[in-house]
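The values are calculated or read from the model by the stated rules, or taken from the named source; none is laboratory data. These numbers were taken from a predicted model, which means no experiment stands behind them. Cβ: placed from backbone, ideal geometry, glycine included. Neighbour counts: every protein chain shown.
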Amino acid sequence: MNKEQMTDAIVAAKTQLNLSWEKMGVDLNMSPVWLASACLGMNSAPAEKAAAISSYLGLGEEVTSALIAFPTKIWDQAVPTDPLIYRLYEVVGVYGETLKEVIQEKFGDGIMSAIDFSMEVDKIEDPKGDRVLLTLNGKFLPYKSW
């Protein structure tokens, strides 16, 4: 089973069981953001977490093995058309250079890791319209000279 087939099986089971990533994360004691990423094929899961996810969803060893497998992180290179994904793409397009300047001013020449990284998605209720709070927490990796 490849990652795409794994994702299809997981999403079908999630839908059939009427689950949310948040509920699954709580029940499995895993970050719902990390859990969704692994189940959508963009991260590998340690064996014990892969087995727990498969068991929870009533899926077999093929899904467990696919969850454990290292992903090839390739995504569509075209500008996304899904409105939510496009807006995140727009944020990086508009503020990417600003973020780079501010990060490098504070830390020096380097990057924010997407490997030593965590992310949270929170809802902030507001009478003017609920707010989305994204927290991206990555280790700073300075460029080295040799």
Consider residue 39 against the criteria (1) of a type outside the set (Phe, Trp, Tyr); (2) surrounded by fewer than 18 Cβ atoms within 10 Å (Cβ to Cβ); (3) without any contact (Cβ under 8 Å) to a residue 60 or more places away in the chain: it satisfies all of them except one. Which criterion is unmet?
-> (2)
Options 108, 96, 129; residue that is surrounded by 10 or more Cβ atoms within 10 Å (Cβ to Cβ), out of contact with any helix residue (DSSP H, G or I) (no Cβ under 8 Å at 6 or more places or on another chain) and on the phi > 0 side of the Ramachandran plot = 108
Filtered residue count, region 12-56, keeping only those that are part of a helix (DSSP H, G or I), of a type outside the set (D, E, K, R) and under 15 Å from the mean Cα position of the chain (by Cα) = 11
Name, by its number, the condition in (1) basic (Lys, Arg); (2) touching a residue at least 12 places away in the same chain (Cβ under 8 Å); (3) closer than 26 Å to residue 13 by Cα that does not hold for residue 123.
-> (2)
Criterion: surrounded by 14 or more Cβ atoms within 10 Å (Cβ to Cβ), more than 19 Å from residue 8 (Cα to Cα) and of a type outside the set (Lys, Arg) - qualifying residue of 71, 80, 46 | 80
Quick one: residue 118 ticks every box in (1) at pLDDT 95 or above; (2) farther than 22 Å from residue 36 by Cα; (3) of a type in the set (Gly, Ala, Ser) except a single one, so which number is it?
-> (2)
Do we find a residue being within 30 Å of residue 27 (Cα to Cα) and free of Cβ contacts under 8 Å to residues at least 12 places away in the same chain anywhere in region 90-99?
-> no
Members of region 94-130 found to be of a type in the set (Asp, Glu), under 24 Å from residue 141 (Cβ atoms) and in contact with a strand residue (DSSP E or B) (Cβ under 6 Å, 6 or more places away or on another chain), listed by number = 116, 120
In region 100-119, which residues are of a type in the set (A, V, I, L, M, F, W, C) and without any contact (Cβ under 8 Å) to a residue 40 or more places away in the chain?
-> 102, 103, 107, 111, 112, 114, 115, 117
In region 97-134, what residues are in contact with an Asp or Glu (Cβ under 8 Å, 6 or more places away or on another chain) and under 21 Å from residue 73 (Cβ atoms)?
-> 134
Residue count, region 77-125, condition part of a strand (DSSP E or B), under 16 Å from the mean Cα position of the chain (by Cα) and not polar (S, T, N, Q), comes to 9
Within region 57-76, residues within 16 Å of the chain's Cα centre (by Cα) and farther than 21 Å from residue 115 by Cα come out as none
